[in-house]
Amino acid sequence: MALTENCRTYQTPKDSGCAQSCSSDVVELNVGGQVYYTRHATLTSVPNSLLGKLFSTKKDISNDLAQDIKGRYFIDRDGFLFRYVLDYLRDKSVVLPDYFPEKGRLKREAEFFQLPELVKILTPDENIHGDFDEASQGSDQRLFPSSYLDARDRRYGFITVGYRSPCAFGRDTDAKTRGLPKIFICGRVGLAEEVFGDTLNESRDPNRPAERYTSQFYLKFRHLERTFDMLAESGFHIVACNSSLTASPHNRRTDDRYWSNNAEYVFYRKYRTIFMILLS
């Protein structure tokens, strides 16, 4: 078994044994390089789980778990996801962040630690989520009848906002030479048209069907805040973002360069929001 962990007692410096004092001590664990502190009672709160068995006071865990160089018991599993395993052991429930992308991996961790109730929590109800999951992955099956999905109706999905803002450092700081900021829109055509309407410039990708995707649209205005307001008013929430700064030579005889600030913002509107809009 590729497991390693450490249990330290903090009652007396002379006490280095774990099996005799774990029932009342804080346990220090190294899980995939991440250090956790928890109580022995937490680890054994589900007696039939792997941790419950390993840390049972009825057995000597030092025979089953290796230790790292600092004497901590080491578990060779995902250190990031282990925090949710501990949450479940503490509260018998788990609260995941919105749009949590690691649910499948967390389910695998729950199976490894022999926590069937946590596995059940992480297993989606096919009757409730099946259509939505398939539709979000590009399936032709839809949560709503096709009559709801014409150009007038609201749809769930992602919209990516790209922002490119040229800037300059050095002698050449004239705004005319730097150009103007531009906001690009990527996503499903019908969704982009619904949110941005006449402010959307489609000249680079004209006459594209509403159900197809594009990365060529851009907005006729240059204010990111206005873009965010329009998305928020349409029920979208930001789920990810990133930015970078790039440079290209402008004049070989000087240190002047063209610099460009590039950023992307990913927004998402889930199907429940649309359902409430349709009901209203």
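Based on the Kirkwood radius over alpha-carbon pairs, what value in µm²/s does the Stokes-Einstein equation return for the translational diffusion coefficient of the range 26-122 at 10 °C and 1.306 mPa s? Show your work: numbers first, answer last.
Values: Rh = 13.8 Å.
Reported coefficient: 115 µm²/s.
Distance between the 7 Å Cα→Cβ label points at V35 and T214: 5.5 nm.
How many nm is it between the label spots at T42 and C167, if each spot is 7 Å from the Cα in line with the beta carbon? About 4.3 nm, to one decimal.
On full extension of the chain, what length is gained from L180 through S203, given 0.36 nm per residue of separation minus the C-alpha to C-alpha distance? All intermediate terms of the calculation are to be shown ahead of the outcome.
Details: separation 23, 0.36 × 23 = 8.28 nm, distance 1.82 nm.
Separation in residues times 0.36 nm, less the Cα-Cα distance, equals 6.5 nm.
Measuring with a 1.4 Å probe in the full set of protein chains, what accessible area per residue, in whole Å², belongs to the range 26-122? Solvent-accessible surface per residue comes out at 53 Å².
The apolar share of the surface of the range 26-122, taken as the fraction of accessible area on carbon and sulfur atoms (1.4 Å probe, ligands and nucleic acids excluded), comes to 49 percent. If the segment from R226 to V119 were pulled out straight at 0.36 nm per residue, it would be longer than the present Cα-Cα gap by 34.2 nm.
The values are calculated or read from the model by the stated rules, or taken from the named source; none is laboratory data. On a predicted model such as this, the values are computed, not experimentally measured, just so you know. For neighbour counting, all protein chains shown are included, and Cβ atoms are generated from backbone atoms with ideal geometry for every residue, glycine included. Note: areas computed on protein heavy atoms with side chains; ligands, DNA, RNA excluded. Shrake-Rupley method; radii C 1.70, N 1.55, O 1.52, S 1.80 Å.
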